[in-house]
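Visitor: So that we are looking at the same thing, I have put the structure below in structure tokens.
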């Protein structure tokens, strides 16, 4: 092993696995992450995967951070290079002094390595082939064997991994013992042939607590179950498909009548996104809580219906798991790029409510809340997830539910209310909040029925093409949007220890990287107050936060600083007061990137201007 | 003509149905369509069918897309909720509404532009899914509101009012519905109320995807020589395979048709269709033969009408999904929310 000033770090490093898609590496890699978690050390794993089923490169990155940093860090301290296709790039990405674990079965020319890294060769293929004959087994157990090697190199307690394997293969004793055997094959080789542990080590800690490890899509789907969704219509699109899949499996466990086994939900895979949102809107019109999960291109296709939901005032929930633009390839990479296309979706004058969860726990809470908001506001509510939160396991606080909580079904006029003579105008603002009463179809034999149209009706839903009636309605819709400001989750503000003239606004999956970036900036002596926006329309505190600072950075994961545009437009802010910090190459934003971009900008301000020449 | 209020009074001796309602209770606003429009005759047939069946008007949900035909739900069943949704998207909206509350009667009204052109996909997929509904296409072969462009059901070789000859092949909606698994398929003519009313009644009682293609001439843009959707053309080429007498309930059936010419078809809900055969060979239970017959007759320029296919024991989408009998929109927190104890278990499994 070359001695290249090895990185030495306990419970604080980044390891990346370079694999071939479809080789069964995902479960071994996930086992790796979980075993460290079980040792009480926080991890944040990220899948970087191709638009492919088999053959293309895929990476799995695990950040180990006892300090609890869950954002992507950038840089790789150890590379597990299992994919010849990406070897050169993978080796090049290792930090100086970092480690390379590779399959040394076939000798590699020296030119394929670097002098400033620590190379650890294990003849994985040779070990595998001498133990297993079945090609599929060879492939799968090779992954477990390198996991065994890593457990020795990084000092991971093998008992912890064995426990996890036992939990995974409960009742399948044969699989259990063969996996444990493979684990020890790798571990024993490493202990016998390599210096263990290396400079990177995992040490038992107590920093995980009762937090849970869950994908945002699964948490959001659980939020839909708890929030009372009964109709789900969807069309497959990465990265949102796993949300509908998770809703299906949650419902199978939690939503069947125990006696009759009948379903208290209906899930339809639509023929496209148009049908999906149409089904959601039909169900919402008829009083069921309904949602769809999609991504940017799906949002594009749904535009007409989203407008109908706005104008005809029909509750709907859309979970948008955002990702990079059209085609295949980049769409398996994360972005926060649908802010404008959702906020102002559709034709005519429209504005929509957006919620921005930062992690799976908020994805659960906000998705559940979205159904209350949709019923209360009688419009579409967007839950703005992204691939980074949606498709990666994330450590987050336990999910909580208050059993006393009741669903807010909004302003529903019942048969009794109609019978008692209560005045019903479908588009009549009875109490100034801009929200009218609605009736469910079939409520009363002679009262409360109306003909639903997008426009061209008066306050009592009677057909009219009068411009004044249209304008009257549009003004009411604005009042309703004002009402929404106090119903949606408020921004969360955290001030710097010392007073500062500068602030930063951010949202969604940027959260963990931002929190860490604040620490990095503090270390540079740079202080920032920060405001995490959690919803649109913006609460008044967004404008006041900006007013309280000389200028404010707006950090987001898209090219056009879309949230900044929305703030400028909706809060009438002078654009020069909002400095865009954007990251949009498809990788999750990192603390290093944010700290660098903001830090350099702040440094540039310190340059003392030349004294004015006094004439 | 919406400014003309419909008078509320009516003749005291108007006949009443089992629920005590008169025809007037099934009417809606005054139609704003052209005088003589075939669609208005279909509206009248829907009113008559609902009256005859003694349906509570408010238990019907009327859903349409956009177009002349899609305006008509405003002209019948004024005490029902109606939804004038998005062009070509009635089927998905109706599917969602049906999932939310399986207890209502769903009437989807659409046109040939709405269902065969822009909404062809949605039409196809709701048939495939077996949504329990009556889907009526008011088929005139043209776009009326935008002034007479051909739709996808216009026959090849037919001529527009401006003299343009249509070079595209026509979509046969009934044929497509058959192929996609609709469990009730019929075709009729707006000018033949005697044929149409019992078909609508049977479709409403049918517990599955019921489709009726109603040829409904457009008096403004498609009722000239050279059109294959004009009143004259349809009358000349109408080939009815059967005639339906619709019988509700399980009352003893007294039919005095000649033996061998009538077939009794009992639907899932106990209603009986007395099918008077006009074509002795035609079998309403043979999907493949029906498709073949339609294609064959179409090649000869004939428009086959009547009940084309029925599956007595159809299962609908709720059946496929095994949903609870209670409408999903009536379920509350107790039914739907698994609660904190279940959540704690889920949390524990994620550590």
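Visitor: Return one quarter of the surface area of the convex hull spanned by the alpha-carbon atoms of the stretch A:146-238, equal to its mean projected area, in nm².
Guide: Taking a quarter of the hull surface, the average projection is 9.9 nm².
Visitor: Taking 0.36 nm per intervening residue step and subtracting the Cα-Cα distance, what contour gain separates residue A:522 from residue A:496 on full extension?
Guide: 8.5 nm
Visitor: Moving on to the next point. Once the principal axes of the Cα atoms of chain A are found, what is the range along each, listed largest first in whole angstroms?
Guide: Cα spread of chain A along its principal axes, largest to smallest: 92, 86, 42 Å.
Visitor: Under 10 °C and 1.306 mPa s, how fast does the stretch A:481-593 diffuse according to Stokes-Einstein, given a Kirkwood radius computed over C-alpha pairs? Answer in µm²/s, whole number.
Guide: 111
Visitor: With a point put 7 Å past each Cα toward its Cβ, work out how far residue B:165 is from residue A:163 in nm, to one decimal.
Guide: 8.3
Visitor: Cα centroid distance between the stretch A:1-53 and the stretch A:287-354, in Å?
Guide: Measuring centre to centre over Cα atoms gives 34 Å.
Visitor: For the stretch A:382-440 and the stretch A:448-484, compute the distance between their C-alpha centroids and round to whole Å.
Guide: 20
Visitor: Find the eigenvalues of the gyration tensor of the Cα atoms of the stretch A:370-410, then list the square roots of 5 times those eigenvalues as equivalent ellipsoid semi-axes, largest first, in whole angstrom.
Guide: Semi-axes (√(5λ), whole Å): 25, 18, 4.
Visitor: If the viscosity is 1.567 mPa s and the temperature 4 °C, what translational diffusion coefficient in µm²/s does Stokes-Einstein give for the stretch A:99-139 when Rh comes from Kirkwood over Cα pairs?
Guide: D, rounded to a whole number, is 113 µm²/s.
Visitor: If you consider only alpha-carbon coordinates, what radius of gyration and Dmax does chain B have, in Å?
Guide: 21.3, 76
Visitor: Taking only the alpha-carbon atoms of the stretch A:273-385, what semi-axes of the equivalent ellipsoid follow from 5 times the gyration tensor eigenvalues under a square root, in whole Å, largest first?
Guide: Equivalent ellipsoid of the stretch A:273-385: 21, 16, 12 Å, largest first.
Visitor: Next up: Quick check: the angle from helix A:25-38's long axis to the longest principal axis of chain A, C-alpha only, nearest 10 degrees?
Guide: For A:25-38 against chain A, the angle is about 90 degrees.
Visitor: Compute the distance from the alpha-carbon center of the stretch A:557-593 to that of the stretch B:86-123, in whole Å.
Guide: Here the two parts' Cα centres lie 41 Å apart.
Visitor: According to the Kirkwood expression over distinct Cα-Cα pairs, how big is the hydrodynamic radius of the stretch A:9-201, in Å?
Guide: The answer is 16.7 Å.
Visitor: Right, here's the next one. Over all directions, how big on average is the projection of the convex hull of the alpha-carbon atoms in the stretch A:444-494, in square nanometres?
Guide: Seen from a random direction, the Cα hull of the stretch A:444-494 projects 5.4 nm² on average.
Visitor: I would also like to ask the following. Working from Cα positions, state the angle (0 to 90°, nearest 10) between the long axis of helix A:360-377 and the longest principal axis of chain A.
Guide: Helix A:360-377 sits at roughly 10 degrees to that axis.
Visitor: Here is a further query. May I ask for the angle, rounded to the nearest 10°, between helix B:287-299 and the longest principal axis of chain B, with both axes built from Cα atoms and the value confined to 0 to 90°?
Guide: Taking Cα atoms only, the helix is inclined about 30 degrees.
Visitor: Give me the percent of DSSP beta bridges within the stretch A:9-201 that run antiparallel, rounded to the nearest 5.
Guide: If we restrict to bridges inside the stretch A:9-201, about 50 percent are antiparallel.
Visitor: Here's another thing I want to ask about it. Considering the Cα positions of the stretch A:4-115, please state its Rg to one decimal place and its Dmax as a whole number of Å.
Guide: 14.2, 40
Visitor: Rg and Dmax of the stretch A:411-488, Cα atoms, in Å?
Guide: According to the Cα coordinates of the stretch A:411-488, Rg and Dmax are 13.1, 37 Å.
Visitor: I want to verify the translational diffusion coefficient of the stretch B:200-245 in µm²/s; compute it with Stokes-Einstein, Rh as the Kirkwood radius over Cα pairs, at 37 °C and 0.692 mPa s.
Guide: My calculation gives 259 µm²/s for D.
Visitor: What fraction of the DSSP beta bridges in the stretch A:213-396 is antiparallel, stated in percent and rounded to the nearest 5?
Guide: 15
A short reminder: the numbers here are calculations on the coordinates, not readings from a lab. Everything numeric in this text was worked out from a predicted model, so none of it was measured. No Cβ is skipped: glycine too gets one built from the backbone with ideal geometry, and neighbour counts run over all protein chains shown.
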